[in-house]
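Novice: I'd like to ask some things about the structure below.
The values are calculated or read from the model by the stated rules, or taken from the named source; none is laboratory data. Since this is a predicted model, take the numbers as computed values, not measurements. Here Cβ is always computed from backbone atoms with ideal geometry, including for glycine, and neighbour counts include all displayed protein chains. Accessible surface areas use protein heavy atoms only, side chains included; no ligands, DNA or RNA. Shrake-Rupley method; radii C 1.70, N 1.55, O 1.52, S 1.80 Å.
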Amino acid sequence: KYDDTYISTVRQALEKQAEGKVNLLLNDGKGDQGTQNDQIDLLIEKKVDALLVNIVDVGASQTVVNKAKSADIPIIFFNREPNEDVLKSYSKARFVGTNAKDAGVIQGEIITKAWKSGKYDKNNDGIIQYVMLKGEPDNPEAVARSEWSVKTVEENGVKTEQLGMQICNWDTELASRATEAWISKFGDEIEFIISNNDGMAQGAIAALQAAGYNKGDDSKFIPVVGVDATDAAKELIKKGYMTGTVLQDGDAMADV
């Protein structure tokens, strides 16, 4: 999706690196696998030299690989990782991306450090009561970030309790609505908001601020941690509205 903030940084980096060397035919899949399949079919008809694919639905990866294989066109998946068997089914298929669990591990370390400051245990029970904003139900990045953020906190000796988890498909508005509902239901019982990406974290902060939280002082504050280190997230952290994020280096991904 062109309106995905992180992927926009990758796209812009690709354009910069390709200038004068590579003719890029860019397509906006709009978050729809059918649309992306049609775009891939058209690119194959145009006999492109290679396909770079941020797959909409990881479950459709084998179908896309089969298309590339039939046309003998190299295919490089990025950002969303297909199953290993899918990549092994074609000698000219590759994946460029991060280790899925790493962002979750780093989130867990950020959360642990913030928790051990002693400021956020509102009920003094020694347990982090948290809510989770999840990207997509079966997306490997979303699954790994959700699991390892909490697992890392627990491995660091801090107990956790999940009050709620909502699939928000990486979407800011959906995350804002979910957070609004949680504030209404749980209020000050929420001690942390863990988000699979910064876009959803932004939505959470918008809902918090509408409810009188996270306005730059510690009187009413719920820590929010995301992933991507978007410019918007860095600005929220600078203003004291957001606790932390994990850098996903779009320039480095494009470089590879």
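Novice: Could we say that Asp125 is of a type in the set (Asp, Glu), in contact (Cβ under 8 Å) with a residue 40 or more places away in the chain, touching a strand residue (DSSP E or B) at 6+ places or on another chain (Cβ under 9 Å) and within 18 Å of Gln162 (Cβ to Cβ) here?
Specialist: On the way: of a type in the set (Asp, Glu): yes; in contact (Cβ under 8 Å) with a residue 40 or more places away in the chain: no; touching a strand residue (DSSP E or B) at 6+ places or on another chain (Cβ under 9 Å): yes; within 18 Å of Gln162 (Cβ to Cβ): yes.
No; evaluated as a whole, the condition is false for this residue.
Novice: Restricting to the range 164-194, what's the tally of residues that are without any contact (Cβ under 8 Å) to a residue 40 or more places away in the chain, part of a helix (DSSP H, G or I) and of a type in the set (D, E, K, R)?
Specialist: Of the residues in the range 164-194, 4 are without any contact (Cβ under 8 Å) to a residue 40 or more places away in the chain, part of a helix (DSSP H, G or I) and of a type in the set (D, E, K, R).
Novice: Right, next: Mind counting the residues in the range 205-232 that are in contact with a strand residue (DSSP E or B) (Cβ under 6 Å, 6 or more places away or on another chain) and farther than 22 Å from Gln129 by Cα?
Specialist: The qualifying residues number 1.
Novice: Now, a different point. Out of the residues in the range 1-16 meeting the condition of being surrounded by fewer than 14 Cβ atoms within 10 Å (Cβ to Cβ) and in contact (Cβ under 8 Å) with a residue 40 or more places away in the chain, tell me which one is nearest to Glu141 (Cα to Cα). It would help to see each step written out before you state the result.
Specialist: Going through the range 1-16, the residues surrounded by fewer than 14 Cβ atoms within 10 Å (Cβ to Cβ) turn out to be 2-3, 12, 15-16.
Adding the requirement that they be in contact (Cβ under 8 Å) with a residue 40 or more places away in the chain leaves 12, 16.
Details: Gln12: 22, Lys16: 26 Å.
So, considering only residues that are surrounded by fewer than 14 Cβ atoms within 10 Å (Cβ to Cβ) and in contact (Cβ under 8 Å) with a residue 40 or more places away in the chain, the one nearest to Glu141 (Cα to Cα) is Gln12.
Novice: Being more than 20 Å from Lys92 (Cα to Cα), not in a helix (DSSP H, G or I) and not charged (D, E, K, R) is the filter; apply it to the range 26-55 and report the residue that is least open to solvent (accessible area, probe 1.4 Å).
Specialist: If we take residues in the range 26-55 being more than 20 Å from Lys92 (Cα to Cα), not in a helix (DSSP H, G or I) and not charged (D, E, K, R), then Gly29 is least open to solvent (accessible area, probe 1.4 Å).
Novice: Give the residues of the range 132-151 that are in a loop (DSSP other than H, G, I, E, B) and either open to solvent by less than 20 Å² (accessible area, probe 1.4 Å) or of a type in the set (A, V, I, L, M) (or both), sorted by residue number.
Specialist: Pass one, the range 132-151, residues in a loop (DSSP other than H, G, I, E, B): 135-139.
Gly135, Asn139 - these are the residues of the range 132-151 that are in a loop (DSSP other than H, G, I, E, B) and either open to solvent by less than 20 Å² (accessible area, probe 1.4 Å) or of a type in the set (A, V, I, L, M) (or both).
Novice: Could you pull out the residue among Glu235, Glu154, Glu161 that is touching a strand residue (DSSP E or B) at 6+ places or on another chain (Cβ under 7 Å), open to solvent by 70 Å² or more (accessible area, probe 1.4 Å) and part of a helix (DSSP H, G or I)?
Specialist: On the way: Glu235 fails: touching a strand residue (DSSP E or B) at 6+ places or on another chain (Cβ under 7 Å); Glu161 fails: part of a helix (DSSP H, G or I).
Just a single option satisfies the conditions, and that option is Glu154.
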